[in-house]
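Below is one structure, written out as structure tokens, with a few remarks after it.
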Amino acid sequence: MRSPRARSGFEGFVQLYGSPYGRYARARLDGAVPAAEAVAWTFGHVEAEWDAVLSCPEPTAVCWSFLRDAVSRRTAPGRRTGDRLHTMLPAAAADAVLLRYRLGFDPSEAARLMGVTEGVVEVELRAALRMLART
């Protein structure tokens, strides 16, 4: 990140997404420390790649994938975790359910966080409910 404008844009991104990213990480991980580490790693990675992220068609989707990966790496196999959804559903469907029903985001807010359209969130929610009904 070279320019003051780029720095300002990144800082605005952190201000806008910091709290919801933290809520998501805490919902998936046991403990505030691993959640804070996942969010800090995500923002560090986003900052290092800011110019490349902004050149993507949907920058927030890229950032969301960094967060999901950071959280998933901290969810070791065999370790107790509060994140049962992500063991039962595909990642996008589990994210949609967690954001909508556990954290209370409306579909448009969930879509904004995930970097997808509201229609994609609605499809993921319906798919998740069908999959969960079969278990």
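Read the figures in this text as sums done on the coordinates, not as results from a lab. Only a predicted model underlies this, so the values are computations on that prediction, with no experimental measurement involved. Quick reminder, even Gly has a Cβ in these numbers, built from the backbone with ideal geometry, and neighbours come from all protein chains shown.
Data table
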quantity: Fluctuation leader among 29, 113, 54 - the chain, Gaussian network, Cα springs under 10 angstrom; calculated: 54
quantity: Largest-first ellipsoid semi-axes for segment 84-135, taking √(5λ) over the Cα gyration tensor eigenvalues, angstrom; calculated: 17, 11, 9
quantity: Mean projection area, nm², convex hull over Cα of segment 1-80; calculated: 5.2
quantity: Kyte-Doolittle mean at least -0.5 and Cα axial length at least 20 Å: DSSP H helices in the chain; calculated: 32-48, 59-73, 118-133
quantity: Debye intensity ratio in log₁₀ form over the Cα atoms of the chain, taken at each q of 0.11, 0.12 Å⁻¹; calculated: -0.39, -0.47
quantity: Nearest-20 debye value, segment 84-135 charge dipole, Cβ charges on Lys, Arg, Asp, Glu; calculated: 280
